[in-house]
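The values are calculated or read from the model by the stated rules, or taken from the named source; none is laboratory data. None of these values were measured; they are calculated from a predicted model. Note that we place each Cβ from the backbone using ideal geometry, even for glycine, and neighbour counts take in every protein chain shown.
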Amino acid sequence: MIKKISGTAFVILALILVYAPIILLAFYSFTEATQIGAIPGFSMKNYSTLIHSEELMDMIKGTLVLAFGCAVIATILGTLGALGAFYSKKYVETGMNMLNQVPVVNADVVTGFSVCILLIAVFGMEKESFFPLVIGHIVLCAPFVYLSVVPRLKQMDSSLYEAALDLGASPSVALKKIVLPQIAPGIISGFALAVTLSLDDYFITSYTKPATFDTISTYVVNATKGSQTDIKTALWALSTIIFVIVVIAVVIMNIGGRSGKENEKDF
Amino acid sequence: MKAFHLNRKQLGIPYAVFLICFVLAPLIVIIHYAFTDASGAVSLANLKAFFTSPNTIGTLVYSISIAVVTTLVCLLIGYPLAYILARSKMKKKYTIVLMFVMPMWINFTLRITALKEILTVIEGNLAFHPFLNTIIGMTYDFLPFMILPMYTTLINLDRSLEEASRDLGAGEFQTFLKVTLPLSFPGIVSGVMMVFLPSMTNYVVLDMLYNSTYIMGSLIGSYFSAYDWHGGSMIALVLLVIILAFTLISGRFEEDEKDRKGGALL
């Protein structure tokens, strides 16, 4: 009994420690306080600064466009790659698996540095072209799409595909109507992962981005060094909005995928 | 039919080309730069410079100590959490696991900002405890990555082995030490992998918490801003070797695991 209670207490304490900073910041984002600890008065000032600041809105839009754009390209590339590798000879598949694994295990700093050194130092490309940034983000994301599609291909019932061919479907129709639906969950979770990875990235972005472009990560890091308190506290509002979006998304996902038990096994 | 088989394989060509251009080629470029000097001649000067300069060696040691302490703290907090949650009879325990993972989806710079504000209130001036703050920051950032793989291993663990151990007379603690802990080792290894390597290079956490000491990540950046591609490549290469070593070691554990599972099936 004591063991059970102390176990529960430990879990609750850990949850409090994890959420205290986020929730405290969310609380203070609705006040005029410029630092935590002061006794605040209620205000929506931070939210209006956030919405009316062109610089902040552009930065957020840029981050989202980059994340979704790169995730789309990464999903197409990664899915096609997984399909190709799956139907190729063993040594081709092994080679692709190995190369695909490099960005996964590699430190983001090294990935960013290496992409940057290839495109900028060797090929003399301009960062202002956004090409290095987009390539960097695809290198970061595509391997994870590949990794989430491969298991689905392996689980796939290959006799369905053969049956479709026997019944007269052309190979491309069979691929579209039989294979694609079976690997769709892998493609979707790969896409979601790609978006999250790109949104969260700091290192690859900082090595490859044009000087005037910022994502949320690079912007926040610069803002914490700067002395503009209204920007600093507007970021608290942004953090709160993201937190709420994440909570809503998780709740929807949980209700949508009622089969929590199955999910558990999937992990 | 034959023509088509060629077709299906061809789907992989764009990605294969992409991997060769932007994953393999950069690696080759890094190795090339690491072992040449500014004039392009082959040289071991960068290698020698790395291992003789007190600056770089100091950075390596500091990075490793931050990574070791962060990993230990994450293990000490994460393992009991994963264990308690995996063994809990609660119906909705999956929701609680999700709650520990959820912060992962909030941009880490924003999470560290939140942590920084709290630490500033508690400590007054962050500059007094740079090492401690860094460890707190890294732990805050990476704890979910530690909990998740350990939880997965523990929840899928064959409970009958524990019951057998108890039936054969082992105590609760002895069963944990001799049965549960070794069986959950693969989860520990992948958790350690996911925490150790990033905490060697995530210099943003140090940056944001006013720790001005360099770690391996910031060291690459300092060469980069000085346009010293050769020195920077050497640092990147050293990191790559460390990562490779880690991957090989953890790969071995995974294979052991597979063998064991195969053995169990027989």
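For segment A:65-85, the set of residues classified as free of Cβ contacts under 8 Å to residues at least 12 places away in the same chain and out of contact with any Leu (no Cβ under 7 Å at 6 or more places or on another chain) consists of A:Val65, A:Ile76, listed by residue number.
Run down B:Ile118, B:Ile77, B:Ile122, B:Ile96 and say which single residue is among the aliphatic types (A, V, I, L, M) and either on the phi > 0 side of the Ramachandran plot or under 22 Å from the mean Cα position of the chain (by Cα) (or both). Just a single option satisfies the conditions, and that option is B:Ile77.
Each row is one residue, and each column tells you yes or no for (1) in contact (Cβ under 8 Å) with a residue 12 or more places away in the chain; (2) at the interface with chain B (Cβ under 7 Å from one of its Cβ atoms).
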position: A:Tyr91; (1), (2): no, no
position: A:Gln101; (1), (2): yes, no
position: A:Val109; (1), (2): yes, yes
position: A:Gly112; (1), (2): yes, no
position: A:Lys127; (1), (2): yes, no
position: A:Pro132; (1), (2): yes, no
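Quick one: would you say A:Gly124 is farther than 30 Å from B:Ser63 by Cα and in contact with a helix residue (DSSP H, G or I) (Cβ under 9 Å, 6 or more places away or on another chain)? Taking the combined requirement at face value, the residue does not satisfy it. Listed conditions (1) more than 18 Å from B:Thr139 (Cβ to Cβ); (2) assigned to a helix (DSSP H, G or I) are all met by B:Ile64, apart from (1).
Here B:His129 meets each of (1) touching a Phe, Trp or Tyr at 6+ places or on another chain (Cβ under 9 Å); (2) surrounded by 13 or more Cβ atoms within 10 Å (Cβ to Cβ); (3) under 29 Å from B:Leu206 (Cα atoms); (4) at pLDDT below 90 with one exception, condition (1). Taken across segment A:153-161, residues that are within 30 Å of A:Ser114 (Cα to Cα), assigned by TED's automatic domain parsing to the domain that holds A:Phe86 and touching a residue at least 24 places away in the same chain (Cβ under 8 Å) do not occur at all. Of everything in segment A:196-229 that is in contact (Cβ under 8 Å) with a residue 60 or more places away in the chain and among the acidic types (Asp, Glu), the residue that is surrounded by the fewest Cβ atoms within 10 Å (Cβ to Cβ) is A:Asp214. Would you confirm whether or not segment B:103-118 contains a residue that is assigned to a loop (DSSP other than H, G, I, E, B) and surrounded by 16 or more Cβ atoms within 10 Å (Cβ to Cβ)? There is at least one residue in segment B:103-118 that is assigned to a loop (DSSP other than H, G, I, E, B) and surrounded by 16 or more Cβ atoms within 10 Å (Cβ to Cβ).
Annotation note: of A:Pro181, A:Pro143, the sole residue that is part of a helix (DSSP H, G or I), in the same structural domain as A:Ala74 (by TED's automatic domain parsing) and in contact (Cβ under 8 Å) with a residue 12 or more places away in the chain is A:Pro143.
Within segment B:76-101, residues that are farther than 14 Å from A:Ile12 by Cβ and in contact (Cβ under 8 Å) with a residue 40 or more places away in the chain reach partners that are of a type in the set (A, V, I, L, M, F, W, C) and in a loop (DSSP other than H, G, I, E, B) with beta carbons closer than 8 Å, at six or more positions or on different chains, in the pairs B:Ala86/B:Leu157.
Would you mind stating whether A:Ser88 is at negative phi, touching a Pro at 6+ places or on another chain (Cβ under 8 Å) and small (Gly, Ala, Ser)? In short, no. With respect to (1) part of a helix (DSSP H, G or I); (2) in contact with an Asp or Glu (Cβ under 6 Å, 6 or more places away or on another chain), the lone exception for A:Pro210 is condition (1). Taken together, the residues in segment A:49-69 that are surrounded by 13 or more Cβ atoms within 10 Å (Cβ to Cβ) and either closer than 18 Å to B:Thr120 by Cα or among the hydrophobic types (A, V, I, L, M, F, W, C) (or both) amount to 8.
Conditions tested, residue by residue: (1) buried (at least 18 other Cβ atoms within 10 Å of the Cβ); (2) modelled with pLDDT of 90 or more; (3) not aliphatic (A, V, I, L, M).
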{"site": "B:Tyr62", "(1), (2), (3)": "yes, yes, yes"}
{"site": "B:Met90", "(1), (2), (3)": "no, no, no"}
{"site": "B:Asp141", "(1), (2), (3)": "yes, yes, yes"}
{"site": "B:Ile155", "(1), (2), (3)": "yes, yes, no"}
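Yes or no: segment B:35-43 includes at least one residue that is under 29 Å from A:Leu140 (Cα atoms) and either surrounded by fewer than 17 Cβ atoms within 10 Å (Cβ to Cβ) or not polar (S, T, N, Q) (or both). Scanning segment B:35-43, I find at least one residue that is under 29 Å from A:Leu140 (Cα atoms) and either surrounded by fewer than 17 Cβ atoms within 10 Å (Cβ to Cβ) or not polar (S, T, N, Q) (or both), so the answer is yes.
Picking from residues in segment A:26-44 that are in contact with a helix residue (DSSP H, G or I) (Cβ under 8 Å, 6 or more places away or on another chain) and in a helix (DSSP H, G or I), the one that is nearest to B:Val23 (Cα to Cα) is A:Ala26.
Let's see how each residue does on (1) within 7 Å of chain B (Cβ to nearest Cβ); (2) among the polar types (S, T, N, Q):
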residue: A:Lys3; (1), (2): no, no
residue: A:Ser6; (1), (2): no, yes
residue: A:Ile12; (1), (2): no, no
residue: A:Leu15; (1), (2): yes, no
residue: A:Ile23; (1), (2): no, no
residue: A:Tyr28; (1), (2): no, no
residue: A:Thr31; (1), (2): no, yes
residue: A:Thr34; (1), (2): no, yes
residue: A:Pro40; (1), (2): no, no
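Within segment B:220-230, identify whether any single residue is more than 8 Å from chain A (Cβ to nearest Cβ), crowded, with 24+ Cβ neighbours inside 10 Å and not aromatic (Phe, Trp, Tyr), and answer yes or no. The answer is no, given that none of the residues of segment B:220-230 is more than 8 Å from chain A (Cβ to nearest Cβ), crowded, with 24+ Cβ neighbours inside 10 Å and not aromatic (Phe, Trp, Tyr). Looking at this structure, is A:Lys177 under 27 Å from the mean Cα position of the chain (by Cα) and at pLDDT below 90? Considered against the rule, which asks whether it is under 27 Å from the mean Cα position of the chain (by Cα) and at pLDDT below 90, A:Lys177 comes out as no.
Checked against (1) surrounded by fewer than 16 Cβ atoms within 10 Å (Cβ to Cβ); (2) touching a Phe, Trp or Tyr at 6+ places or on another chain (Cβ under 8 Å); (3) more than 9 Å from chain B (Cβ to nearest Cβ); (4) not acidic (Asp, Glu), A:Asn46 passes all but a single condition, namely (1). Filtered by the rule that a residue be buried (at least 22 other Cβ atoms within 10 Å of the Cβ) and either more than 11 Å from chain A (Cβ to nearest Cβ) or free of Cβ contacts under 8 Å to residues at least 12 places away in the same chain (or both), segment B:143-152 gives B:Met146, B:Met150. Which of the residues spanning segment B:184-211 are within 12 Å of chain A (Cβ to nearest Cβ), farther than 30 Å from B:Ile155 by Cα and touching a residue at least 40 places away in the same chain (Cβ under 8 Å)? Answer for segment B:184-211, where residues must be within 12 Å of chain A (Cβ to nearest Cβ), farther than 30 Å from B:Ile155 by Cα and touching a residue at least 40 places away in the same chain (Cβ under 8 Å): B:Thr201, B:Asn202, B:Val204, B:Val205, B:Leu206, B:Met208, B:Leu209, B:Tyr210.
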